[in-house]
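See structure below.
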Amino acid sequence: MTAVQISPEAEIRLAEAAKNGNQPIVVNNANSKGGVGKTTQTEELAHRLAEQGKWVLVMDLDGQCNLTKNLDAMPTSPKQPTMHAVLTEPGMDAMRAVVQYTGTTSRPVRYANGGGLFLIPGAKTITKAPGEFFGTRARQPIHDFKLTIHHVITSWLMGFDFILLDSSPDPDSEVNDAALLATHEVLVPVSVESMSIDGVMEFLAILRASNASRPSFKLTGQAHLKALVPSKVMPDQVERAGEVIATLAQHNIPHFGDLYVPYTTAGWKAPDDRVPIALYRPDDAAALVYQQIAAKLL
(Lines give C-alpha, C1' and ligand atoms only; values in the text may rest on other atoms or scores of the structure.)
Protein backbone atom coordinates (compact mmCIF):
# COMPACT_ATOMS: atom_id res chain seq x y z
CA MET A 1 0.00 0.00 0.00
CA THR A 2 1.54 3.31 -1.09
CA ALA A 3 -1.44 5.48 -0.11
CA VAL A 4 -0.86 7.17 3.25
CA GLN A 5 -3.04 8.38 6.09
CA ILE A 6 -4.26 11.89 5.59
CA SER A 7 -2.03 14.44 7.30
CA PRO A 8 -3.19 16.70 10.16
CA GLU A 9 -2.51 19.70 7.90
CA ALA A 10 -4.81 18.30 5.24
CA GLU A 11 -7.51 17.62 7.83
CA ILE A 12 -7.29 21.23 9.02
CA ARG A 13 -7.54 22.53 5.45
CA LEU A 14 -10.62 20.37 4.79
CA ALA A 15 -12.26 21.38 8.07
CA GLU A 16 -11.74 25.07 7.29
CA ALA A 17 -13.18 24.66 3.78
CA ALA A 18 -16.26 22.91 5.20
CA LYS A 19 -16.67 25.59 7.88
CA ASN A 20 -16.56 28.24 5.16
CA GLY A 21 -19.50 26.65 3.37
CA ASN A 22 -17.68 24.63 0.72
CA GLN A 23 -20.03 22.48 -1.39
CA PRO A 24 -18.41 19.47 -3.09
CA ILE A 25 -19.69 18.31 -6.45
CA VAL A 26 -20.61 14.62 -6.25
CA VAL A 27 -20.07 12.79 -9.55
CA ASN A 28 -21.34 9.23 -9.87
CA ASN A 29 -19.59 7.03 -12.44
CA ALA A 30 -22.25 4.42 -13.04
CA ASN A 31 -23.35 1.68 -15.39
CA SER A 32 -25.29 -1.53 -14.77
CA LYS A 33 -22.87 -3.36 -17.06
CA GLY A 34 -19.33 -4.25 -16.00
CA GLY A 35 -16.15 -3.92 -18.04
CA VAL A 36 -17.10 -0.65 -19.74
CA GLY A 37 -14.37 1.51 -18.19
CA LYS A 38 -16.24 2.85 -15.15
CA THR A 39 -13.38 2.42 -12.69
CA THR A 40 -10.81 3.74 -15.14
CA GLN A 41 -12.97 6.78 -15.76
CA THR A 42 -13.26 7.45 -12.01
CA GLU A 43 -9.52 7.16 -11.47
CA GLU A 44 -8.49 9.23 -14.49
CA LEU A 45 -10.95 12.06 -13.83
CA ALA A 46 -9.92 12.22 -10.17
CA HIS A 47 -6.27 12.48 -11.20
CA ARG A 48 -6.95 15.16 -13.80
CA LEU A 49 -9.07 17.23 -11.39
CA ALA A 50 -6.33 17.01 -8.74
CA GLU A 51 -3.86 18.28 -11.35
CA GLN A 52 -6.04 21.37 -11.62
CA GLY A 53 -5.62 22.12 -7.95
CA LYS A 54 -8.80 20.44 -6.75
CA TRP A 55 -9.11 18.31 -3.64
CA VAL A 56 -10.74 15.15 -4.88
CA LEU A 57 -12.10 12.22 -2.88
CA VAL A 58 -13.00 8.94 -4.55
CA MET A 59 -15.25 6.34 -2.93
CA ASP A 60 -14.87 2.73 -4.02
CA LEU A 61 -18.41 1.31 -3.86
CA ASP A 62 -17.70 -1.85 -5.86
CA GLY A 63 -17.01 -5.10 -4.01
CA GLN A 64 -14.35 -5.97 -6.58
CA CYS A 65 -12.27 -3.08 -5.15
CA ASN A 66 -10.56 -2.47 -8.50
CA LEU A 67 -10.29 1.26 -7.90
CA THR A 68 -8.61 0.66 -4.55
CA LYS A 69 -6.24 -1.87 -6.10
CA ASN A 70 -5.42 0.42 -9.01
CA LEU A 71 -4.39 3.15 -6.57
CA ASP A 72 -2.45 0.64 -4.45
CA ALA A 73 -4.58 1.47 -1.42
CA MET A 74 -5.81 -1.92 -0.21
CA PRO A 75 -5.66 -1.75 3.61
CA THR A 76 -2.76 -3.62 5.16
CA SER A 77 -4.17 -3.35 8.68
CA PRO A 78 -7.56 -4.52 9.97
CA LYS A 79 -7.71 -1.21 11.85
CA GLN A 80 -7.96 0.77 8.60
CA PRO A 81 -11.66 1.64 8.05
CA THR A 82 -13.11 1.02 4.58
CA MET A 83 -16.34 1.93 2.79
CA HIS A 84 -17.90 -1.04 4.60
CA ALA A 85 -17.26 0.58 7.98
CA VAL A 86 -18.38 3.99 6.73
CA LEU A 87 -21.72 2.59 5.50
CA THR A 88 -22.45 0.41 8.52
CA GLU A 89 -21.52 3.13 11.02
CA PRO A 90 -22.40 6.45 9.31
CA GLY A 91 -22.13 8.23 12.64
CA MET A 92 -18.39 7.51 12.66
CA ASP A 93 -16.13 10.35 11.52
CA ALA A 94 -15.58 9.24 7.91
CA MET A 95 -12.29 11.16 7.76
CA ARG A 96 -10.81 8.24 9.72
CA ALA A 97 -11.23 6.13 6.58
CA VAL A 98 -9.64 8.60 4.16
CA VAL A 99 -6.18 7.90 2.75
CA GLN A 100 -4.13 10.07 0.40
CA TYR A 101 -2.80 8.85 -2.94
CA THR A 102 0.92 9.52 -3.31
CA GLY A 103 1.73 7.44 -6.38
CA THR A 104 4.25 4.63 -6.21
CA THR A 105 7.91 4.35 -5.30
CA SER A 106 8.92 4.55 -8.97
CA ARG A 107 6.27 7.14 -9.87
CA PRO A 108 5.67 9.38 -6.85
CA VAL A 109 2.87 11.95 -7.15
CA ARG A 110 2.86 15.48 -5.85
CA TYR A 111 0.08 17.50 -7.43
CA ALA A 112 0.86 21.01 -8.58
CA ASN A 113 -1.45 23.93 -7.83
CA GLY A 114 -2.16 22.55 -4.36
CA GLY A 115 -4.35 19.67 -5.55
CA GLY A 116 -4.79 16.31 -3.88
CA LEU A 117 -6.29 12.88 -4.55
CA PHE A 118 -7.84 10.99 -1.64
CA LEU A 119 -9.66 7.69 -1.31
CA ILE A 120 -11.94 5.76 0.99
CA PRO A 121 -10.86 2.17 0.21
CA GLY A 122 -13.36 -0.39 -0.96
CA ALA A 123 -14.18 -3.69 0.74
CA LYS A 124 -15.18 -7.06 -0.66
CA THR A 125 -17.80 -7.22 2.08
CA ILE A 126 -19.56 -4.01 1.07
CA THR A 127 -22.62 -5.93 -0.15
CA LYS A 128 -23.23 -6.95 3.47
CA ALA A 129 -23.31 -3.34 4.65
CA PRO A 130 -27.07 -2.77 4.20
CA GLY A 131 -27.94 -5.79 6.35
CA GLU A 132 -25.45 -4.87 9.06
CA PHE A 133 -26.70 -1.28 9.08
CA PHE A 134 -30.27 -2.52 9.54
CA GLY A 135 -29.23 -4.48 12.60
CA THR A 136 -27.72 -1.40 14.28
CA ARG A 137 -29.89 1.40 12.90
CA ALA A 138 -31.46 2.11 16.30
CA ARG A 139 -28.19 3.70 17.38
CA GLN A 140 -27.45 5.41 14.04
CA PRO A 141 -28.02 9.10 13.28
CA ILE A 142 -30.19 8.06 10.31
CA HIS A 143 -32.55 5.12 10.01
CA ASP A 144 -32.66 4.39 6.28
CA PHE A 145 -29.65 2.87 4.54
CA LYS A 146 -30.41 4.81 1.37
CA LEU A 147 -29.38 8.00 3.16
CA THR A 148 -26.00 6.74 4.38
CA ILE A 149 -23.77 8.18 1.67
CA HIS A 150 -25.60 11.51 1.66
CA HIS A 151 -25.28 11.69 5.45
CA VAL A 152 -21.60 10.77 5.44
CA ILE A 153 -20.80 13.41 2.83
CA THR A 154 -22.78 16.23 4.42
CA SER A 155 -21.55 15.39 7.93
CA TRP A 156 -17.87 14.71 7.39
CA LEU A 157 -16.64 15.33 3.85
CA MET A 158 -17.80 18.80 2.81
CA GLY A 159 -14.25 20.14 2.56
CA PHE A 160 -13.50 18.35 -0.72
CA ASP A 161 -14.03 20.07 -4.06
CA PHE A 162 -15.15 16.90 -5.84
CA ILE A 163 -16.33 13.51 -4.62
CA LEU A 164 -16.27 10.80 -7.29
CA LEU A 165 -18.23 7.61 -6.74
CA ASP A 166 -17.22 4.36 -8.42
CA SER A 167 -20.50 2.45 -8.30
CA SER A 168 -21.05 -1.27 -8.65
CA PRO A 169 -22.45 -2.67 -11.91
CA ASP A 170 -25.06 -4.58 -9.86
CA PRO A 171 -28.46 -3.07 -10.83
CA ASP A 172 -30.02 -4.32 -7.57
CA SER A 173 -27.32 -2.90 -5.29
CA GLU A 174 -28.68 -1.03 -2.29
CA VAL A 175 -25.32 0.75 -2.09
CA ASN A 176 -25.93 2.09 -5.61
CA ASP A 177 -29.36 3.34 -4.48
CA ALA A 178 -27.68 5.25 -1.68
CA ALA A 179 -25.08 6.60 -4.10
CA LEU A 180 -27.68 8.02 -6.48
CA LEU A 181 -29.41 9.89 -3.65
CA ALA A 182 -26.10 11.59 -2.83
CA THR A 183 -25.26 12.40 -6.46
CA HIS A 184 -25.25 15.71 -8.30
CA GLU A 185 -24.03 14.57 -11.72
CA VAL A 186 -23.88 11.16 -13.40
CA LEU A 187 -21.33 10.06 -15.99
CA VAL A 188 -22.08 6.80 -17.76
CA PRO A 189 -19.33 5.05 -19.74
CA VAL A 190 -20.83 2.79 -22.40
CA SER A 191 -19.44 0.05 -24.60
CA VAL A 192 -20.10 0.78 -28.26
CA GLU A 193 -20.19 -2.95 -28.90
CA SER A 194 -23.13 -3.61 -26.60
CA MET A 195 -24.76 -0.20 -26.23
CA SER A 196 -28.45 -0.23 -27.02
CA ILE A 197 -30.84 2.64 -26.66
CA ASP A 198 -33.13 0.34 -24.63
CA GLY A 199 -30.40 -0.17 -22.06
CA VAL A 200 -29.78 3.56 -21.86
CA MET A 201 -33.48 4.25 -21.41
CA GLU A 202 -33.58 1.65 -18.61
CA PHE A 203 -30.83 3.47 -16.74
CA LEU A 204 -32.54 6.82 -17.27
CA ALA A 205 -35.71 5.31 -15.78
CA ILE A 206 -33.72 4.27 -12.68
CA LEU A 207 -32.31 7.79 -12.42
CA ARG A 208 -35.77 9.35 -12.74
CA ALA A 209 -37.17 7.02 -10.07
CA SER A 210 -34.32 7.94 -7.71
CA ASN A 211 -34.93 11.64 -8.28
CA ALA A 212 -38.67 11.20 -7.77
CA SER A 213 -38.00 9.58 -4.37
CA ARG A 214 -35.91 12.47 -3.08
CA PRO A 215 -38.78 14.49 -1.57
CA SER A 216 -39.79 11.49 0.55
CA PHE A 217 -36.29 11.61 2.07
CA LYS A 218 -36.50 15.42 2.43
CA LEU A 219 -33.69 15.83 -0.09
CA THR A 220 -33.57 18.81 -2.41
CA GLY A 221 -32.08 18.99 -5.88
CA GLN A 222 -31.75 16.30 -8.53
CA ALA A 223 -29.07 13.99 -9.93
CA HIS A 224 -28.44 15.13 -13.49
CA LEU A 225 -27.14 12.96 -16.30
CA LYS A 226 -24.00 14.84 -17.32
CA ALA A 227 -23.15 12.58 -20.26
CA LEU A 228 -22.87 9.12 -21.71
CA VAL A 229 -19.28 8.44 -22.73
CA PRO A 230 -18.47 5.81 -25.40
CA SER A 231 -15.45 4.05 -23.86
CA LYS A 232 -12.79 1.43 -24.55
CA VAL A 233 -13.28 1.93 -28.29
CA MET A 234 -11.06 -0.38 -30.32
CA PRO A 235 -9.55 0.89 -33.60
CA ASP A 236 -12.03 -1.17 -35.64
CA GLN A 237 -14.94 0.26 -33.60
CA VAL A 238 -14.42 3.94 -34.41
CA GLU A 239 -17.19 3.92 -37.01
CA ARG A 240 -19.50 2.21 -34.53
CA ALA A 241 -18.63 4.89 -31.95
CA GLY A 242 -19.77 7.51 -34.42
CA GLU A 243 -23.07 5.65 -34.85
CA VAL A 244 -23.57 5.50 -31.07
CA ILE A 245 -22.88 9.23 -30.76
CA ALA A 246 -25.36 9.93 -33.55
CA THR A 247 -27.99 7.82 -31.75
CA LEU A 248 -27.43 9.73 -28.51
CA ALA A 249 -27.83 13.01 -30.37
CA GLN A 250 -30.99 11.77 -32.08
CA HIS A 251 -32.59 10.97 -28.73
CA ASN A 252 -31.31 14.18 -27.06
CA ILE A 253 -29.25 12.17 -24.56
CA PRO A 254 -26.38 14.21 -23.09
CA HIS A 255 -22.91 13.37 -24.45
CA PHE A 256 -19.67 15.22 -25.14
CA GLY A 257 -20.02 15.81 -28.87
CA ASP A 258 -17.76 13.53 -30.89
CA LEU A 259 -15.65 12.63 -27.87
CA TYR A 260 -15.01 8.94 -27.11
CA VAL A 261 -12.37 7.10 -25.09
CA PRO A 262 -10.11 4.89 -27.23
CA TYR A 263 -8.82 1.53 -25.98
CA THR A 264 -5.04 1.86 -25.69
CA THR A 265 -2.14 -0.30 -24.58
CA ALA A 266 -1.32 2.12 -21.78
CA GLY A 267 -4.92 1.88 -20.64
CA TRP A 268 -4.62 -1.77 -19.67
CA LYS A 269 -0.97 -1.64 -18.55
CA ALA A 270 -1.27 1.33 -16.16
CA PRO A 271 -3.32 -0.54 -13.50
CA ASP A 272 -0.53 -3.10 -13.15
CA ASP A 273 1.79 -0.22 -12.23
CA ARG A 274 -0.81 1.15 -9.79
CA VAL A 275 -0.91 4.56 -11.47
CA PRO A 276 -3.39 6.49 -13.64
CA ILE A 277 -2.85 6.27 -17.40
CA ALA A 278 -1.80 9.92 -17.40
CA LEU A 279 1.16 9.07 -15.17
CA TYR A 280 2.05 5.89 -17.01
CA ARG A 281 2.06 7.66 -20.40
CA PRO A 282 1.10 11.36 -20.37
CA ASP A 283 0.63 11.56 -24.15
CA ASP A 284 -1.64 8.50 -24.32
CA ALA A 285 -4.76 9.11 -26.40
CA ALA A 286 -7.16 7.85 -23.69
CA ALA A 287 -5.44 9.95 -21.02
CA LEU A 288 -5.87 13.06 -23.17
CA VAL A 289 -9.59 12.37 -23.65
CA TYR A 290 -10.09 12.03 -19.90
CA GLN A 291 -8.31 15.37 -19.52
CA GLN A 292 -10.93 16.93 -21.81
CA ILE A 293 -13.77 15.32 -19.87
CA ALA A 294 -12.36 16.56 -16.56
CA ALA A 295 -12.28 20.08 -17.99
CA LYS A 296 -16.03 19.81 -18.65
CA LEU A 297 -16.60 19.09 -14.95
CA LEU A 298 -14.83 22.24 -13.81
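Are any of the residues in the stretch 177-185 part of a strand (DSSP E or B), at pLDDT 90 or above and either exposed (fewer than 13 other Cβ atoms within 10 Å of the Cβ) or in contact with a His (Cβ under 6 Å, 6 or more places away or on another chain) (or both)?
To start, the set of residues in the stretch 177-185 that are part of a strand (DSSP E or B) comprises 185.
Applying the additional criterion that residues be at pLDDT 90 or above yields 185.
With either exposed (fewer than 13 other Cβ atoms within 10 Å of the Cβ) or in contact with a His (Cβ under 6 Å, 6 or more places away or on another chain) (or both) added as a condition, the list becomes 185.
Within the stretch 177-185, one or more residues are part of a strand (DSSP E or B), at pLDDT 90 or above and either exposed (fewer than 13 other Cβ atoms within 10 Å of the Cβ) or in contact with a His (Cβ under 6 Å, 6 or more places away or on another chain) (or both).
Looking for whichever is part of a helix (DSSP H, G or I) and either surrounded by fewer than 16 Cβ atoms within 10 Å (Cβ to Cβ) or touching a residue at least 40 places away in the same chain (Cβ under 8 Å) (or both) here; the options are LEU119, LEU87. Which one fits? Give the steps one after another, and end with the answer.
Details: LEU119 fails: part of a helix (DSSP H, G or I).
Exactly one residue qualifies, and that residue is LEU87.
Looking only at the stretch 226-235, decide whether some residue is over 18 Å from the mean Cα position of the chain (by Cα) and of a type in the set (Val, Ile, Thr). Reasoning before the result, please.
Taking the stretch 226-235 as the starting set, the residues that turn out to be over 18 Å from the mean Cα position of the chain (by Cα) are 233-235.
Then keep just the ones that are of a type in the set (Val, Ile, Thr); that gives 233.
Yes, the stretch 226-235 has at least one match.
The selection criterion, being surrounded by fewer than 16 Cβ atoms within 10 Å (Cβ to Cβ) and either touching a Ser or Thr at 6+ places or on another chain (Cβ under 7 Å) or farther than 23 Å from GLU51 by Cβ (or both), does not hold for PRO282.
Residue-wise test of (1) in contact with a Cys (Cβ under 8 Å, 6 or more places away or on another chain); (2) farther than 20 Å from LEU219 by Cα.
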{"residue": "LEU87", "(1), (2)": "no, no"}
{"residue": "TYR101", "(1), (2)": "no, yes"}
{"residue": "PHE118", "(1), (2)": "no, yes"}
{"residue": "GLY122", "(1), (2)": "yes, yes"}
{"residue": "LYS128", "(1), (2)": "no, yes"}
{"residue": "TRP156", "(1), (2)": "no, no"}
{"residue": "ASP161", "(1), (2)": "no, yes"}
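Filtered by the rule that a residue be of a type outside the set (A, V, I, L, M, F, W, C) and surrounded by 14 or more Cβ atoms within 10 Å (Cβ to Cβ), the stretch 125-140 gives THR125, THR127, LYS128, PRO130, GLU132, ARG137, GLN140.
Among the residues in the stretch 209-223, are any in contact with a strand residue (DSSP E or B) (Cβ under 7 Å, 6 or more places away or on another chain), surrounded by 15 or more Cβ atoms within 10 Å (Cβ to Cβ) and farther than 20 Å from THR264 by Cα? The answer is yes; a qualifying residue exists. Among the helices (runs of 4 or more DSSP H) confined to the stretch 197-288, the ones with at least 2 residues that are of a type in the set (A, V, I, L, M) are located at 197-213, 238-250, 277-280.
Just checking, how many residues over the stretch 257-268 are modelled with pLDDT under 95 and closer than 17 Å to ASN29 by Cβ? Going through the stretch 257-268 one residue at a time, the tally reaches 1.
Taking the options PRO254, PRO271, PRO276, name whichever one is modelled with pLDDT of 95 or more and out of contact with any Cys (no Cβ under 7 Å at 6 or more places or on another chain).
Numbers: PRO271 fails: modelled with pLDDT of 95 or more; PRO276 fails: modelled with pLDDT of 95 or more.
Within the list PRO254, PRO271, PRO276, the selection yields PRO254.
The values are calculated or read from the model by the stated rules, or taken from the named source; none is laboratory data. No experiment lies behind these values; they were computed from the predicted model shown. With ideal geometry, Cβ positions are generated from the backbone for all residues, glycine too; neighbour counts draw on all protein chains shown.
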